[in-house]
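What follows is one structure encoded as structure tokens, with my remarks underneath.
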Amino acid sequence: MANTNIEINEEKIKHENVFSLPIVQYQTTNTDKLNKELKEIILKKENELPTTNKSNQGGWQSEGDFFRWGGESVETIYNLFSKLIETSTKKLNFVENIPMDFHIYGWANVNRKGHSNIAHIHPMSTWSGTYYVDAGDDMDESKCGLFEAFNPNLSHLTSFFPGLLPGEHFIKPKTGLMNLFPSYVRHGVRTYYGENPRICIAINASMKIKAP
Ligand SMILES: [Fe+2]
């Protein structure tokens, strides 16, 4: 007969979630004027320059020289990303603090009706992120062109409650919203069905160890 004095006290069980994945979101405020200026600048460039061909299925992507376009609004976006990257990196609670900074480059994107971005990663970077200058039309989640990030933990997907724990994480684009995620996370953008263009700025940030 089992000893009833030896049993699990549920309140004393220590549950930890380790090796977690940082997904950062920040909704900016007071950015109406900034977004109007950026929209004008980006749509003008879209008119003047051909698209690059990376992850976009339709739509327009600039070269990765966005932060060299110049002007106050471009500088503001750079500063916002710098701060978000710095703060989000601090939150990672490293086992050792080493002096570092980031090389950030960005590009502009315009997706119109029927456009999407196939799933991809950003190799050779540390953080990747997006700022929505104009999320376009506010539509149902099946039509709004959701940003989707895929769970990189394949062991989890194949054998640890597959189908019961999420394999994808969705973010609904909103004007003025910033997001940031590790560059190794595979992600894409579902088809956008709005009439107005979806305009965003994407970035890559590579960590550099600062010389002493
Ligand atoms: Fe991307």
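For this structure, a couple of remarks:
- Test result for THR31, of a type in the set (S, T, N, Q), loosely packed, with under 15 Cβ neighbours inside 10 Å and over 29 Å from ASN153 (Cα atoms): no
- Subset tally (residues that are modelled with pLDDT under 95, touching a Gly at 6+ places or on another chain (Cβ under 9 Å) and among the acidic types (Asp, Glu)) for the range 130-161: 1
- Those residues of the range 17-30 which are out of contact with any Ser or Thr (no Cβ under 8 Å at 6 or more places or on another chain), part of a loop (DSSP other than H, G, I, E, B) and modelled with pLDDT of 95 or more, in sequence order: ILE23, THR28, THR29, ASN30
- Which listed residue is more than 18 Å from GLU63 (Cα to Cα), under 11 Å from the mean Cα position of the chain (by Cα), away from the ligand (no atom under 14 Å from the Cβ) and aliphatic (A, V, I, L, M), from LEU177, LEU154: LEU177
- THR52 in a loop (DSSP other than H, G, I, E, B), over 19 Å from the mean Cα position of the chain (by Cα), within 23 Å of ASN196 (Cβ to Cβ) and touching a residue at least 12 places away in the same chain (Cβ under 8 Å): yes
- Extreme residue, nearest to ASN196 (Cα to Cα), among residues of the range 117-137 that are buried (at least 19 other Cβ atoms within 10 Å of the Cβ) and small (Gly, Ala, Ser): GLY136
The values are calculated or read from the model by the stated rules, or taken from the named source; none is laboratory data. This one's a predicted model, so the numbers in the text were calculated from it and none came from an experiment. Every residue, glycine as well, gets a Cβ built from its backbone with ideal geometry; the counts of neighbours run over all protein chains shown.
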